[in-house]
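A short write-up of the structure that comes next.
The values are calculated or read from the model by the stated rules, or taken from the named source; none is laboratory data. Quick caveat, the model's predicted, so the values are computed rather than measured. For neighbour counting, all protein chains shown are included, and Cβ atoms are generated from backbone atoms with ideal geometry for every residue, glycine included.
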Amino acid sequence: MRLMGLEALGPKPKTTTRPSAQHRVYPYLLRGVTIDRPNQVWAADITYIPMARGFLYLVVVMDWHSRYVLAWRLSNTMDTSFCLDALEDALRKGRPEIFNTDQGAQFTSAAFTDKLEAAGVRISMDGRGRWLDNVFVERLWRSLKYEEVHLKAYANGLEARSGIGQWFRFYNESRPHQALGYETPAATWAAEVSPVDLPCAWDDASASPTTPQGQQQQNVVYI
């Protein structure tokens, strides 16, 4: 392909975790820590969602103990604001003691870290290249892509949002986990959370549709 001047159309390696030199990087706080209750540790990460044409970006916020997906957002760019929107949605449902992410510029930005510090949350960040430091979200991505995303070629953002939203509802509310005593993530998380904190809707039902990157370059649109 190089000899012919051809280049694959797709995401370039590791572009979801590029740090910014101007942003502070926090230490990893979870080494040797026993995580045994909901809202002890939350984690967030970004992944690519391939489309029939182009791709979108997906961010989730997950409770580590219960594996419960607290919030998620799709975007056609890597703008910090869609990650911040997901964080704000998750914080309406509770507050973790520790919030863990990778060293991507979205998560090391002042807007993101200031929101966590204002809520009294301790910030933890993975080591460079240490995917195992956020292993539960990595497992979530694998399940989502093999069971939903790779089986379909979403034509647009509306199809992606609908399919991913249905899969997250199944994952949260219907799929039992052996590590949770064959309870679902939603049941495990809710068992130790006050009823007033329980979400009535955990996806972004009011968000605007978007189209894959490449078709809509100028506007940042969230799903």
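For the range 1-44: of the residues being within 14 Å of Met125 (Cβ to Cβ) and at pLDDT 95 or above, which is surrounded by the most Cβ atoms within 10 Å (Cβ to Cβ)?
Top of the filtered list is Trp42.
Any residue at all in the range 146-154 that's more than 20 Å from Asp89 (Cα to Cα), among the basic types (Lys, Arg) and at pLDDT 55 or above?
Looking for residues that are more than 20 Å from Asp89 (Cα to Cα), among the basic types (Lys, Arg) and at pLDDT 55 or above, one finds at least one in the range 146-154, hence yes.
So if I check each of Asp126, Asp102, which one is out of contact with any Gly (no Cβ under 6 Å at 6 or more places or on another chain), in contact (Cβ under 8 Å) with a residue 60 or more places away in the chain and within 16 Å of Leu58 (Cα to Cα)?
Asp102
Taking only the range 63-79 into account, find how many residues are modelled with pLDDT of 95 or more, within 22 Å of Gly157 (Cα to Cα) and not aromatic (Phe, Trp, Tyr).
6
Taking the range 91-108 as the region of interest, how many residues are surrounded by fewer than 24 Cβ atoms within 10 Å (Cβ to Cβ) and in contact with a Leu (Cβ under 8 Å, 6 or more places away or on another chain)?
Going through the range 91-108 one residue at a time, the tally reaches 3.
Check Asn172 against each of (1) assigned to a helix (DSSP H, G or I); (2) at pLDDT below 95 and name the one condition it does not meet.
Unmet condition: (2).
If I filter the range 140-160 down to residues being free of Cβ contacts under 8 Å to residues at least 40 places away in the same chain and assigned to a loop (DSSP other than H, G, I, E, B), which single residue comes out as farthest from the chain's Cα centre (by Cα)?
Taking the candidates together, the pick is Lys152.
Determine the pairs where a residue that is within 22 Å of Leu91 (Cβ to Cβ), located within the range 31-58, has a partner that is among the small types (Gly, Ala, Ser) and assigned to a strand (DSSP E or B) with Cβ atoms under 8 Å apart, the partner being 6 or more residues away or on another chain.
Hits for this filter: Val41/Ser124; Tyr57/Ser75.
Every residue in the range 112-139 that is modelled with pLDDT under 95 and in a helix (DSSP H, G or I), please.
Trp131, Leu132, Asp133, Asn134, Val135, Phe136, Val137, Glu138, Arg139, listed by residue number.
Answer yes or no as to whether Arg67 is under 26 Å from Val193 (Cβ atoms), under 14 Å from the mean Cα position of the chain (by Cα) and part of a loop (DSSP other than H, G, I, E, B).
Spelling it out, Arg67 is indeed under 26 Å from Val193 (Cβ atoms), under 14 Å from the mean Cα position of the chain (by Cα) and part of a loop (DSSP other than H, G, I, E, B).
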